[in-house]
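This report concerns only the one structure given below.
Every number in this text was worked out from the coordinates using simple rules, so none of it is lab data. Bear in mind that the values here come from a model prediction, so they are computed numbers and not experimental data. Reconstructed Cβ throughout: ideal geometry from the backbone, glycine too, with neighbour counts over all protein chains shown.
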Amino acid sequence: MSDDTPPSSIERWLAQLLNKLEVASIEASFSGGGDEGSMDDMIVAMRPGATMSGEELLKHLDTLEQRSVGNFRSSFRDKLVDQIEHDASYLGDYANNEGGSVFLRLEVEGDAVKIAVGDFTPGSYDDDEDYDYDEEDLEP
């Protein structure tokens, strides 16, 4: 990544938890277009000798909850996904208009997460398509 790439938006407390749980890196891919976009895949790589797999870690994060004002609850996994989506949006507008796709690799380093690899591939939208309408089709 270039020097002007900001650090990941993953909050320090969550980065510390990922580090404690022996996460080495997270890879995520996103795609979209029009007015919609979503995460297609997320793979968690654990450090050698970790006590759980990446899939087990994600299930564990589902069981942990964060409470906020109004007793709203969200799982730690939801919080992690939200923050990774924020990082993906920084790299490119994969969800709106022409859309596209984003690939990220985040590395956990102590109490921080950094964007190690980020790639945005714009989509294509052919707005110059010729439409042949009959006059009869346009009448009410």
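Note the per residue figure in Å³ for the convex hull of the C-alpha positions in region 12-122. Before the final figure, lay out each step's value.
Details: hull volume 11.3 nm³, N = 111.
Dividing the Cα hull volume of region 12-122 by its residue count gives 102 Å³.
If packing is taken as the average count of other Cβ atoms within 10 Å, what order do 54-61, 79-86 fall into, highest mean first?
Per-residue mean Cβ counts within 10 Å order the peptides as 79-86, 54-61.
What ranking do 13-24, 31-42 get when scored by the average of other Cβ atoms within 10 Å per residue, highest first?
Averaged packing, sorted descending, gives the order 13-24, 31-42.
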